[in-house]
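The values are calculated or read from the model by the stated rules, or taken from the named source; none is laboratory data. Being a predicted model, the structure only gives us computed values, none of them experimental. FYI the Cβ positions are ideal-geometry reconstructions off the backbone, even for glycines, and counts take in every protein chain you see. Surface accessibility is based on the protein's heavy atoms, side chains included, excluding ligands, DNA and RNA. Shrake-Rupley method; radii C 1.70, N 1.55, O 1.52, S 1.80 Å.
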Amino acid sequence: MYGSLDSWSHENPPLTFIASRLSTVSQFWRTLMKPAWLLSAFLILVSAALLAQSNPVPLVYQSLRPVSAPPGHATFTLGVRGTGFVSGAVVQWNGQPLVTRFVSSSALAAIVPAALVSTPGTGSVTVTNPHGIASNIVYFPVRHRSSTVTLATDPATIESGMVVVCDFNRDNKPDISVFGEDNAGNAYLDTYFSNGTGNFLKIAGPQFQNSSIIGPGEVTGDFNNDGNLDVAVSIDGTYKIYLGNGRGGFTLAPGVVFGTGVVADVNGDGILDFVTMNFDQVFTLIVSLGNGDGTFTDNGQDVLVNGKISGVPVIGDFNGDGNLDVAIPGTSAVAVFLGKGDGTLQAEVDYPVSGGSSYGGSFAVAADINGDGKLDVVTNGASVLLGNGDGTFVNTFSMPVNSHAAGNLEIGDINGDGKLDLATTAIDFGTSQMMLDILLGNGDGTFQSPVTQVLGSGEVCCAPLGMADFNHDGRLDFAIGGLGSGLVLLQTPSK
């Protein structure tokens, strides 16, 4: 799975190589008159040392190259961009390893056989380094293109609350986690396992009396490196960590993480970390390093942030040095903090968005919007800041969404035309109607006017959004929380 002997470096040889080298020095052992058990103990220690070597947790960016394909496409090479790739990294498609060529720490090339794209469906693309946990998921639709997007409500409803979409039981079907509160004030963390047809099996998780404020930003990741996804839920501005068992069960881990944010391996030690924005009279950027057991430790460099910057951080290597950087949206600008590779950050640099506060936002996404190989930042206002590849940005495009952007951004090829599109939730203050806005991309860093789906009367608070192909027809669908009841919207055929 991890390649031939030639793909290993001399600093990280396979165990078979070590064993063969040991056999050539058997005379040395006989000379020293050492008993056989010492050799066994030595081999065990070597094996443990090799397995203990940590590789970074990879971070995969959108866009893939290509970002989608029509059914019946021939075998092709998939370009995967990201940060933290090492020699021996493997690209996986719905859990199936692909023949992968290591290009650099930020690029891989994988062969996608024609059989995987022969019929409509969606590939969940991840990357795994040797002896490490899997990266985030990027979806690859296999479908025919359309000029617009039409949606229908899935009869399978979910509860209201904060939602996050991921594969919690490792069956390569997207599931939904919902963290919410009932009318009696009882909080719940429930999981909806997908069967791949648009239907879900609800697995009740932890429930507890809650007298605090449930906030946005439910986050998932393997925080204790056991192969199962865990969930961080936001209560009163702090994350509580629930460790998953892969079957819908969760156990509360000790400690909390302050603020709201995102997870990534910012110091490259093979353990996921938190980057959060915390508000206590002032806004502070905090990096909390993972301990590998589901607990986290503040790295001690809490950074005071410009008061106009108050959004949720996003992560990416914006200057191409192999270190993860941080971008935070605000009302009229995006703040960028370049990383040093050890979990600490350089000074804040703000990049204004055109149109002022009308086009800022509280959420953003980092992706290569125009396909030039450089990471860009898009806010849910919506504004596009094209990256120059050196950690600097230029605001080139802004487009208003309905009255107020209320939820996080999702990005992918939603209509199958080979260009990246955006989706976000919004509220019309005039009618109090919640809506889903889909901005189809032009492929050059600009977007078309929103395709809007009215969702009904909603809350002014953010409406969290998840995106995946829930019925495996190749069309990306949506899970929306934060309403009186949660919604799953299935994309339907359109011209």
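Hey, could you check segment 75-89 for residues that are of a type in the set (Ser, Thr, Tyr) and in a strand (DSSP E or B) and say which is most open to solvent (accessible area, probe 1.4 Å)? Among them, the one singled out is Thr77. Screening segment 456-472 for residues that are farther than 16 Å from Ala423 by Cβ and modelled with pLDDT of 95 or more and picking the one that is least open to solvent (accessible area, probe 1.4 Å) gives Asn471.
Checked against the criterion of being closer than 24 Å to Ile438 by Cα, in contact with a Ser or Thr (Cβ under 8 Å, 6 or more places away or on another chain) and either at pLDDT 95 or above or basic (Lys, Arg) (or both), segment 303-323 has at least one qualifying residue. Per the listing Asp265, Asp175, the residue uniquely farther than 17 Å from Asn291 by Cα and at pLDDT 95 or above is Asp175.
So that you can scan it fast, the table gives a plain yes or no per residue for (1) modelled with pLDDT of 50 or more; (2) assigned to a helix (DSSP H, G or I); (3) open to solvent by 60 Å² or more (accessible area, probe 1.4 Å):
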residue: Ser20; (1), (2), (3): no, yes, no
residue: Thr31; (1), (2), (3): no, yes, yes
residue: Leu38; (1), (2), (3): no, yes, no
residue: Ser47; (1), (2), (3): no, yes, no
residue: Pro56; (1), (2), (3): yes, no, no
residue: His73; (1), (2), (3): yes, no, yes
residue: Val91; (1), (2), (3): yes, no, no
residue: Val103; (1), (2), (3): yes, no, yes
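Restricting attention to segment 158-201 and to residues that are part of a loop (DSSP other than H, G, I, E, B) and free of Cβ contacts under 8 Å to residues at least 40 places away in the same chain, the residue that is least open to solvent (accessible area, probe 1.4 Å) turns out to be Gly185.
When Ser124 is tested against (1) small (Gly, Ala, Ser); (2) open to solvent by less than 50 Å² (accessible area, probe 1.4 Å); (3) not in a strand (DSSP E or B), only condition (3) is not met.
Of all residue pairs spaced 6 or more apart or on separate chains, those with beta-carbon atoms under 6 Å, a first member in segment 422-450 that is farther than 21 Å from Leu386 by Cα and without any contact (Cβ under 8 Å) to a residue 60 or more places away in the chain and a second member that is among the acidic types (Asp, Glu) and part of a strand (DSSP E or B) are Ala426/Asp437. Residues that are at pLDDT below 95 and open to solvent by 30 Å² or more (accessible area, probe 1.4 Å): does segment 416-429 have at least one? Yes, segment 416-429 contains a residue that is at pLDDT below 95 and open to solvent by 30 Å² or more (accessible area, probe 1.4 Å). Could you please find all residues in segment 252-267 being touching a residue at least 24 places away in the same chain (Cβ under 8 Å) and open to solvent by 30 Å² or more (accessible area, probe 1.4 Å)? Once the filter is applied, which keeps residues that are touching a residue at least 24 places away in the same chain (Cβ under 8 Å) and open to solvent by 30 Å² or more (accessible area, probe 1.4 Å), segment 252-267 yields Leu252, Pro254, Gly255, Phe258, Val262, Asn267. Here Val67 clears all of (1) touching a residue at least 60 places away in the same chain (Cβ under 8 Å); (2) part of a strand (DSSP E or B); (3) open to solvent by less than 10 Å² (accessible area, probe 1.4 Å); (4) of a type outside the set (Ser, Thr, Tyr) except the condition numbered (2). Of the strands (runs of 3 or more DSSP E) lying entirely inside segment 416-495, those containing at least 1 residues that are among the aliphatic types (A, V, I, L, M) and in contact with an Asp or Glu (Cβ under 6 Å, 6 or more places away or on another chain) span 421-428, 465-468, 487-492.
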